[in-house]
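The values are calculated or read from the model by the stated rules, or taken from the named source; none is laboratory data. Note that the structure is predicted; figures quoted are calculated from it, not measured. Virtual Cβ from ideal backbone geometry, glycine too; neighbours counted across all protein chains shown. Note: accessible area is taken over every heavy atom of the protein model, side chains too, but ligands, DNA and RNA are not part of it. Shrake-Rupley method; radii C 1.70, N 1.55, O 1.52, S 1.80 Å.
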Amino acid sequence: GAAAGAALGPGSAWVTELSDDDRAAAPKRVTVALSVGFGGGPLVAGVVAQWAPWPEASPYSVHFLVSIVAAALLWRTPDPSFDHGAPTKVAEHLGTTERPSDRPDTAPKETFWETVRSAAFIRTIPFTAPWVFGAATMSFAIAPSVIHVPGFSTASAGVITGITMGSGALVQPLAQRIERWKQGAAMPAGLSLAVFGMLLAATAFAVQISALLLPVAVILGSAYGVILVAGLRQIETLGHSKDRARLNAAYFSFTYIGFIQPFVFAVVATTQTSQIIFAVVGALASPATTLATPDARHLSS
């Protein structure tokens with residue numbers, strides 16, 4: 001958990017810095033990078049744990065080796081920030097010789113705290129961000145615990161996670177197109193997908209058909225991807241570029257609230273009926289969030 005937190009804030013800010021060729025594409029690229037790791041890791045771990053020798057240790061060994069290689073490659077990576085108006089190696093690589101206009105030389109120290117205390121942040125991010133992993137965990141944590149695939153429980157859990165997060169990555173062109181069509185439209189679209197996915201999950205809980213895990217994963221994974229792009233786009237418009245890493249970290253801290261959902265489910269949804277009701281309540285809460293949350297653009301103007 002500490003490793004994920006330490007990587008997500010700076011990592012997402014880094015991908016954003018590398019997107020100076022197309023700033024509007026930055027949230028899409030962050031989401032793709034996150035989804036590939038988040039979905040690929042469990043997918044590989046599930047397959048290795050199901051069929052490789054020493055299933056209690058081999059999945060961790062794979063991740064350990066990959067982490068060592070990644071750390072070695074990243075250790076001497078240049079800082080992509082732009083200091084004193086001089087182009088960095090990253091800027092030169094991108095063919096950027098001028099300092100981007102949205103990067104002032106200095107940023108007041110209170111900029112970050114002013115942003116997170118602003119009405120535009122408080123009345124939008126805490127309410128919408130939890131649905132990022134709220135949608136995803138319904139698919140890859142809750143649904144496989146309710147509907148089992150006989151003989152392949154370990155591998156199927158990894159595959160469902162991979163499909164969920166992979167769908168979040170593949171939906172990015174659509175999410176970006178929606179946001180370009182109408183700024184702010186991606187969030188309602190993502191939450192609408194969450195409604196559909198949770199209603200389908202409730203149906204799957206009722207009929208206990210394992211094949212329904214696949215469409216549930218695709219729909220809720222797409223919801224995760226669209227909501228994440230919309231939220232990162234909001235953060236991009238609210239804060240100062242110098243505070244991007246901290247603002248992204250603050251945003252992801254709110255997305256982590258969605259990871260509480262499987263625990264709550266395990267405590268309150270102890271019967272088939274309560275499991276169905278839990279998914280239906282989630283479907284009802286998603287649009288309520290959208291309707292009750294004002295547009296951050298109007299609040300910040």
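Set side by side, the residues 15, 69 differ, and just one is open to solvent by 30 Å² or more (accessible area, probe 1.4 Å), at pLDDT 75 or above and touching a Lys or Arg at 6+ places or on another chain (Cβ under 8 Å), which is 15. The number of residues in the range 19-44 that are closer than 18 Å to residue 249 by Cβ, open to solvent by 30 Å² or more (accessible area, probe 1.4 Å) and of a type outside the set (Phe, Trp, Tyr) comes to 3. Within the option set 168, 239, 162, 184, being in contact with a Leu (Cβ under 8 Å, 6 or more places away or on another chain) and modelled with pLDDT under 85 holds for one residue only, 239. Going by the conditions given, is residue 171 farther than 15 Å from residue 233 by Cβ and under 16 Å from the mean Cα position of the chain (by Cα)? It is false that residue 171 is farther than 15 Å from residue 233 by Cβ and under 16 Å from the mean Cα position of the chain (by Cα).
Here are some residues: 53, 104. Which one is out of contact with any Cys (no Cβ under 6 Å at 6 or more places or on another chain), over 30 Å from residue 223 (Cα atoms), at pLDDT 85 or above and part of a loop (DSSP other than H, G, I, E, B)? Checking each option against the conditions leaves just 53. The set of residues in the range 176-185 that are among the hydrophobic types (A, V, I, L, M, F, W, C) and either open to solvent by 30 Å² or more (accessible area, probe 1.4 Å) or in contact with a Phe, Trp or Tyr (Cβ under 8 Å, 6 or more places away or on another chain) (or both) comprises 178, 181.
Against the conditions (1) within 23 Å of the chain's Cα centre (by Cα); (2) surrounded by fewer than 16 Cβ atoms within 10 Å (Cβ to Cβ); (3) not in a helix (DSSP H, G or I), residue 78 satisfies every one except (1). When residue 56 is tested against the conditions (1) in contact (Cβ under 8 Å) with a residue 60 or more places away in the chain; (2) open to solvent by 80 Å² or more (accessible area, probe 1.4 Å), the lone failure is (1).
With respect to the conditions (1) modelled with pLDDT of 85 or more; (2) among the hydrophobic types (A, V, I, L, M, F, W, C); (3) assigned to a loop (DSSP other than H, G, I, E, B), residue 86 lacks only one, and its number is (1).
Filtering 250, 194, 269, 223 for residues that are modelled with pLDDT under 90 and either open to solvent by less than 30 Å² (accessible area, probe 1.4 Å) or within 29 Å of residue 152 (Cβ to Cβ) (or both) leaves a single hit, 250. One residue is enough: does the range 57-69 have a residue meeting the conditions in a helix (DSSP H, G or I) and under 21 Å from residue 149 (Cα atoms)? Yes, the range 57-69 contains at least one residue that is in a helix (DSSP H, G or I) and under 21 Å from residue 149 (Cα atoms).
Remark: residue 188 falls outside the filter, which requires a residue to be open to solvent by 10 Å² or more (accessible area, probe 1.4 Å) and closer than 20 Å to residue 155 by Cβ. Considering (1) among the β-branched types (Val, Ile, Thr); (2) touching a Lys or Arg at 6+ places or on another chain (Cβ under 8 Å); (3) open to solvent by 50 Å² or more (accessible area, probe 1.4 Å), the lone condition that residue 209 does not fulfil carries the number (2).
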